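In what follows, a single structure is set out as structure tokens and then discussed.
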Amino acid sequence: MARTTSPPPEELTETIIDIDVSEEMRGSFLEYAYSVIYQRALPDARDGLKPVQRRILYQMSEMGLRPDRAHVKCARVVGEVMGRLHPHGDSAIYDALVRMSQSFAMRVPLVDGHGNFGSLGGDDAPAAMRYTEARLTRASSLMVESIDENVVDFRPNYDGQETEPEVLPAAFPNLLVNGASGIAVGMATNMAPHNLGEVVAAARHLLAHPDATLDELMEFVPGPDLPTGGTITGLDGIRDAYTRGRGTFRTRATVSIEKLTPRRTGLIVTELPYNVGPEKVVSRIKELVQAKKLQGISDLKDLTDRNQGLRLVIELKNGFNPEAVLEELYRLTPMEETFGINNVALVDGQPQTLGLRDLLLVYVNHRIDVVRRRCEHRRAKRQERLHLVAGLLVALADIDRVIALIRDSEDSTQARRRLMEVFELSETQARYILDTPLRRLTKYDALELESERDTLNAEIAELTAVLESDRKLRKLVSKELAAVAKEFATPRRTVLRESSGAPRTSAVPLEVGDDPCHVLLSTSGLLGRTSGAQLPPMFEGPRARHDAMAANVRATVRGEVALVTDLGRLIKVPVLELPELPAEAGDSPAIASGSPVAEFVELDSDERVIALAEIGGDGPGLAVGTRQGIVKRVGGDYPQNKDDFEVINLRPGDRLVGATQLVTGEEDLVFITSDAQLLRFPASSVRPQGRSAGGVTGIRLGEDANALWFGAVTSPEDSVVVTIAGSSGALPDTQTGTAKVTPLSVFPAKGRATGGVRCQRFLKGEDLLLFGWVGRSPARAFRADGGPVRLPDPVPRRDGSGEALPRPIASVGTGQVDTGTVAASLSGG
């Protein structure tokens, strides 16, 4: 028997349609691209918001999360937005909410966040939405202000059950102020933030002058103002962006060069380029240092905190120019970044690339439309109210007849119809009269209604005048923008600098050269170095209190000098560690800019530095003199493997009173003693000795006398002697004493180990010298506060008495360049 197969039911029959794959791919791709462009990536040029941002702000407004309300969990906000308006993942919504709360990403934050909302550059991720809280800021309240007054169009949400605004009213130009970034399909946007006050000023100018040119607008908006500050170099790219909508500029970190310690210099980074975090910079610098591609950096610390903000401390090695290291950091690290402006935004639903004028024009037109629709809405509301008030006033004018007519009516419908017929009222007025309680129909309420009618008429007339005059409408928009700027405008954070755009070439060598210099020691114990082989006059520049140059020696920047202490120690110090003294008026170094000796060497409590000495060389060496009248010469070939050693074997109780670096070996050595004796003898009469030797007799001291001062002079004919006599029972800073200035040439040279000659005769009450000094003429004296003290005129009598000083003297020195000890403090005598 043959088997038959029944045909399948008609509803199960398959229908196969041939579709061209290329056409299907094209259509699907275009649909996907359209969705990404319009629903995700690109902002609207009117309010500057992407759909997700607009939905977040609108929904938070609907939830009542105003600035004066408490914060709520971000998870609740994200849930409301996702369930009602945004049919996408919660992570995209939360990421958008987080960005709107970050003050380092938004020039004017739109969300007031409470909790961890991430860090600069994305180095630290924000906390989960279940931990953080948020509410609207005052600025974002302005973005949705008057949205219930029919100022913008609404459209159905994704499921058609609710409505959402197509655009927000935007009381300030958010797109320019906060910028935007996004990647769509086949296009992208990257817009820089700007200063609110500058953008509002430009918008107001455009309102007043619709034909304003780009140059006029750029007078108000010279360039972006980034939330993180920094410096923008290359303004040509900014002008291109403002003209064509595309351009580039470079952003640099804000860095200052500071002295961390007297020996260490550091680069202090307080602002970084936009969207660059400190961890990214730190990691990059460490990589370069480890790879030996970046030199001169010894340490790097990130001291950023909430109190002082961003602070990166980059410590530099000695011997490297800070400016050159900074240029290398700009070149090799994210401390300088390029920002590419691409002003792509939606205008009437179409993506367009806009310049500055176009962006402002779109916003201004939007704001004019918002204010016009708000005025129309408010006028309509007032007209409706005026219509009701007029009906009530008609009823109050004949209230007894109205009440009787209502009482005689069968029902409310008949009452309403009879009111309309008898009093010529509209249905709305009649219904309102019937709904009004009798307690509102008093004489007092009639007066209130008449006042309300007059107020409504005035407000309607004012709104009508605005709507009928384009000039008044623009003036109102401008006034509202001015109020916004007054409340929210802040000073510019980003510095704008012109640049040629040419590649940078470092004119400063990376390492400090071994250039000649002078090392200076002041009478108050400050150390410093000057630049250049020539030493300028020392008393023309500013001093700290009674400072004067006590000693100077020649050196090179990468070499060493020696400090000589009164205990006979010689301590080596690298010249590079000493601060460079800035040149002041008259090209004189400011001694006050030096650093205390204690910052470089460790001294005993009763030890002090009295002189400087050169290291190395084949010169005549160093000459020292002690309190007990001992003199010694030491050669300059000091041990290379020691940084601290003795140059003389002092006797018990003895100390150095002076030390001087000899230049030629032909100088004269001079002792001044407390019993007013002065001895001058040639340095060649003192034979150099080894470091362990104790020296030889320099001057024969009288009973109970001691040496006050010791030094060398190169030109006795040009030198003077300054002595101050006083009483042994008084302190140097409590009495003025008598001073005497004598040419050194009147003191004959004597042989070493003799008693010298008298240099000042004591007056009644004087029994010793308080101070002695020999140096190049003219001699200058200073008070403790730095002011000058007039010294007596030089007298040729070597044994004459002194003249009374008007004030106590703190230091005496010379304005002429000399070697060795050129000044001395009174307390150090």
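Okay, residues lined up against (1) touching an Asp or Glu at 6+ places or on another chain (Cβ under 7 Å); (2) at pLDDT below 85; (3) charged (D, E, K, R):
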| position | (1), (2), (3) |
| --- | --- |
| Ala753 | no, no, no |
| Val757 | no, no, no |
| Lys764 | no, no, yes |
| Phe771 | no, no, no |
| Pro788 | no, yes, no |
| Val795 | no, no, no |
| Ala804 | no, no, no |
State yes or no: is Pro778 under 21 Å from Phe710 (Cα atoms) and not small (Gly, Ala, Ser)? yes
Restricting region 479-513 to residues that are at pLDDT 80 or above and assigned to a loop (DSSP other than H, G, I, E, B), which is surrounded by the most Cβ atoms within 10 Å (Cβ to Cβ)? Thr494
With respect to Gly625, is the statement that it is assigned to a strand (DSSP E or B) and modelled with pLDDT of 95 or more true? yes
Checked Val269, Val199, Val276 against criteria (surrounded by 21 or more Cβ atoms within 10 Å (Cβ to Cβ) and in a strand (DSSP E or B)); the one match is Val269
Matching entry among Gly237, Gly229, Gly223 (being under 19 Å from Leu120 (Cα atoms), within 25 Å of the chain's Cα centre (by Cα) and in contact (Cβ under 8 Å) with a residue 12 or more places away in the chain): Gly229
Here's a check for you: in region 532-552, which residue that is out of contact with any helix residue (DSSP H, G or I) (no Cβ under 9 Å at 6 or more places or on another chain) and surrounded by 15 or more Cβ atoms within 10 Å (Cβ to Cβ) is modelled with the lowest pLDDT? Phe539
Exactly one of (1) at pLDDT 90 or above; (2) touching a strand residue (DSSP E or B) at 6+ places or on another chain (Cβ under 6 Å); (3) surrounded by fewer than 21 Cβ atoms within 10 Å (Cβ to Cβ) is unmet by Gln816. Its number? (1)
Of all residues making up region 382-401, the number that are within 21 Å of Arg453 (Cα to Cα), in a helix (DSSP H, G or I) and more than 60 Å from the chain's Cα centre (by Cα): 12
Among the residues listed as Leu678, Leu701, Leu708, the single one being crowded, with 24+ Cβ neighbours inside 10 Å and within 13 Å of Arg752 (Cα to Cα): Leu678
When every residue in region 425-445 that is free of Cβ contacts under 8 Å to residues at least 24 places away in the same chain and not in a helix (DSSP H, G or I) is compared, the one nearest to Leu396 (Cα to Cα) is Thr442
Scanning region 84-108 residue by residue, those part of a helix (DSSP H, G or I) and either closer than 17 Å to Gln39 by Cβ or of a type in the set (S, T, N, Q) (or both) turn out to be Arg84, Asp90, Ser91, Ala92, Ile93, Asp95, Ala96, Ser101
Identify, please: which residue in region 232-251 is in contact with a Pro (Cβ under 9 Å, 6 or more places away or on another chain) and surrounded by fewer than 20 Cβ atoms within 10 Å (Cβ to Cβ) and is, among those, modelled with the highest pLDDT? Arg250
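The values are calculated or read from the model by the stated rules, or taken from the named source; none is laboratory data. This is a predicted model, so every value here is computed, not measured. FYI the Cβ positions are ideal-geometry reconstructions off the backbone, even for glycines, and counts take in every protein chain you see.
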